[in-house]
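The values are calculated or read from the model by the stated rules, or taken from the named source; none is laboratory data. Just so we're clear, the structure is a prediction, and the values are computed from it rather than from any experiment. Cβ sites come from the backbone with ideal geometry, for glycine too, and all protein chains shown count toward neighbours. Calculation scope for accessible area: heavy atoms of the full protein, side chains included, ligands and nucleic acids excluded. Shrake-Rupley method; radii C 1.70, N 1.55, O 1.52, S 1.80 Å.
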Amino acid sequence: MRKTLCILLLSFLTAQAFAHEGEVHEEPGKRKPSKPSTQQRKAPETTRTITHKATGRKGAYNLTFTIKPAQPLVNVETEIQVKVAKPLPKPDPLLGTETPVEEATVIGKFTAPGYTGPPITAHQEEEPGVYGIHARLEKPGRYKLEISVKTEDDALTASLPLDVKPLPGVALTQKVDMAVLVLGTILIVGVFVSQVRKGKAMGTALLPSAGVVLMGVAIAWLVHSIVAPRMNAPFEGEVKTPSLPPAETRSAEVVQISEDLQKLLEIKTTVVRARPFQSYLDVPGKATASPERVHEVHSPVIGRVEAWAHIPTVGERVSEGQVLAVVNQTLTAPEQLQIQIQGLDLQKQMVQAASHLAQTRTALSLKEKELDRARKLYEIQALAQKDLQSAEAGHRDALLEYQEAQRQVSLYERYRRQREISPPIRRFPILSPVSGVVTAMDIARGELVSPEKRLFNVMDLSLVWVQAHIYEKDLAKVSVGDRANITVSAYPKAVFQGTLKTLGSVVDPQTRTIQAIFEIPNPQGRLRDGMLAMVHLKTESRTVTAIPFSAIIEEEGKSFVFVKEAPTAFRKRSVTLGERAGESLEIAGGLSQGEAVVIQGAHSLAAEAKKQGKASAQ
């Protein structure tokens, strides 16, 4: 009995050694080569969110980490999404409390005591400002994910602690193996001691049992190879890798590409999800100045343009009240005589006004003396109160008469100065009615002009119109007062905000469109008269299956995407497209939520698919 037990234990220990032979404990963060298998581990679909505040050179940022699964496990792929956002000074009704930071470079690196992993460049998710990192850690322990974020004008860093735990089945197998090793060692040592005490040679006793030992090794090996995988099975079941299509059709539908080549081609994927989708109605338009802000400038009289005055050219900015030109009025002989007579009359009136001012000044001085004398007499009760009041009234009348005389002298003096500035030839300055840009001019120095001729066009572009034409079928989607985003090719990254001002009431019988006018503030003057524009009108918000536009490939009038079905297999699939909103595209059919679709490098995969198709055909 003891011999048999010893043989079985020795056989099982030998099998354990063979079973563990070849296991390699790699450094954390390094993925060992995957063996062909139809099973993969699946992590529980739970997430954990952690918010972190970081500070860069340009201010504070909000970093939101979403970890899936919530508890990272050994040899199970962990997805970490990092949302980078800039907090707003105060909540905005449209943007909320923060704005996402797009087009940033996010790099992560896993570290642990005695270990530093390679840098991992995060890929851009479809949601603005969200970047994804995928990792598979093969040793349990406490790790730290160091994150560095670089934008066009700022940089910041943050760290995220992660506790990676072993799978429950793996931990149990390790404990069983350790218990078997300890118990087996104790039993074998006991058997050896018992046989030695009986005086038997161990070699003689074990030699006839060599065949039994070999059989025990084989049985133990089979048992361990069957039991261990079951103990290591994931707690939510197993997922079989989708089988590939037959070889004769594989080249046309599935592209086989190694992971190294994927990195070289910079292939990136994202998970298809239901996302909020804002529908837009896009209509072309043309920028133009508001009619009430376009002014024609004429001369008020017939005359000749002065040669010395500065005349602005087309495109030059002018201010309200700025002198654009000076016209000298042409006078007849009677007009010149009349002007001379007016000058003599003005001199005579000025002399009379000066004489009257001197008289009123003398009268005021006398009235002031009388008032002062009356007040002193009234204080010693030598004058009646009514006499004091009479003196005050007289002084008041003399003061008013003196002030009126001063006003007359000032008025005549102003007339005289004006005549000196504008001599009898009557110089008429042509002034700009508004601040704006000179868009047309028809004037030359020394030219004889008349009031009928247009000299300048001045356009105020601080507020412009965009005239667009909306199809009859889309009329129910818009109404006066709707907000719109306007873009022009001259400023591809700029978005101008406008409002639907008027909506026509007549349908063009040829195009079946209705004219719409949008009003756009243009304080910097970037929108110019005649610019072509595109008007984007929000129509409705809904939740749809959407992917980035970069994932779509157009071939022979059809739309395709590449779906990742295995680590090295991508299937080309036809999809039905819906509406487009910015860089997002609605998928009406052909994709299901949860599938991984290629969003970068799709055209490289298409070229590789053609190569593999030609190779298989040969």
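In plain terms, the chain from A155 to K538 could stretch by 134.4 nm, reckoned as 0.36 nm per residue minus the Cα-Cα distance. Ordered from longest to shortest, the equivalent ellipsoid semi-axes for segment 47-88 are 26, 9, 7 Å, each the square root of 5 times a Cα gyration tensor eigenvalue. The charge dipole of segment 520-563, taken about its Cα centre with unit charges on the Cβ of Lys, Arg, Asp and Glu (plus for the first two, minus for the last two), comes to roughly 300 debye. Sorting I50, I486 on solvent-accessible area from highest to lowest, probe radius 1.4 Å, gives I50, I486.
Once C-alpha pairs closer than 8 Å and six or more residues apart are averaged by separation and normalised to the residue number of segment 495-560, the relative contact order reads 22 percent.
Projecting the Cα positions of L357, L371, Q381 onto the charge dipole of segment 347-427 (unit charges on Cβ atoms of Lys, Arg, Asp and Glu, taken about the Cα centre) puts L357 furthest along the positive direction. Local charge for Q322 was computed over the other residues whose Cβ lies under 15 Å away, with Lys and Arg +1 and Asp and Glu -1, and equals -2. Descending by average beta-carbon neighbour count within 10 Å, the peptides 470-478, 435-443 line up as 435-443, 470-478, the highest first. A Stokes-Einstein calculation at 10 °C with viscosity 1.306 mPa s, built on the Kirkwood radius of segment 343-382 over Cα pairs, returns a diffusion coefficient of 129 µm²/s.
Once backbone amide H atoms are built at 1.01 Å from N, L137 has N75, V76, T78 as its partners under 5 Å, excluding neighbours fewer than 5 places away on the same chain.
About its Cα centre, segment 510-585 has a charge dipole of approximately 140 debye under the convention of +1 per Lys or Arg Cβ and -1 per Asp or Glu Cβ, with nothing else charged. Residue by residue, segment 257-270 carries 3J(HN,Hα) couplings of 9, 5, 5, 5, 5, 4, 5, 5, 7, 6, 6, 10, 10, 9 Hz when phi is fed to the Karplus relation 6.51 cos²θ - 1.76 cosθ + 1.60 (θ = phi - 60°); x denotes Gly or Pro. Along segment 545-559 the Karplus relation, 6.51 cos²θ - 1.76 cosθ + 1.60 evaluated at θ = phi - 60°, assigns HN-Hα couplings of 7, 9, 9, x, 5, 5, 7, 8, 10, 9, 9, 6, x, 10, 10 Hz to successive residues, with x for each Gly and Pro.
Rounded to the nearest whole Hz, the Karplus-based 3J(HN,Hα) values (6.51 cos²θ - 1.76 cosθ + 1.60, θ = phi - 60°) of segment 284-292 follow the sequence x, x, 9, 7, 8, 6, 5, x, 6, with x at glycine and proline.
Each Lys and Arg adds +1 at its Cβ and each Asp and Glu adds -1 at its Cβ; summed about the Cα centre, segment 65-137 shows a dipole of about 340 debye.
Shape analysis of segment 264-349 based on the Cα gyration tensor places the equivalent ellipsoid semi-axes at 67, 17, 13 Å, largest first. The alpha carbon centroids of segment 575-608 and segment 544-570 are separated by 4 Å. Contact order, relative form, for segment 436-536: 31 percent (alpha carbon pairs under 8 Å, 6 or more residues apart, mean separation divided by residue count). Can you give the accessible area of Y402 in Å² (nearest 10), computed on protein heavy atoms with a 1.4 Å probe? For Y402, the solvent-accessible surface is approximately 40 Å². In summary, the convex hull built on the alpha carbon positions of segment 110-164 has an orientation-averaged projected area of 4.6 nm². Considering only alpha-carbon pairs that sit under 8 angstrom and 6 or more positions apart, the relative contact order computed for segment 259-354 is 23 percent. For E579, the residues 5 or more places off, or on other chains, whose built amide H falls under 5 Å of its own are E586.
Using bins of 5 Å that start at zero, the share of Cα-Cα pairs per bin across segment 469-572 amounts to 2, 9, 14, 14, 14, 14, 12, 9, 5, 4, 3, 0, in whole %.
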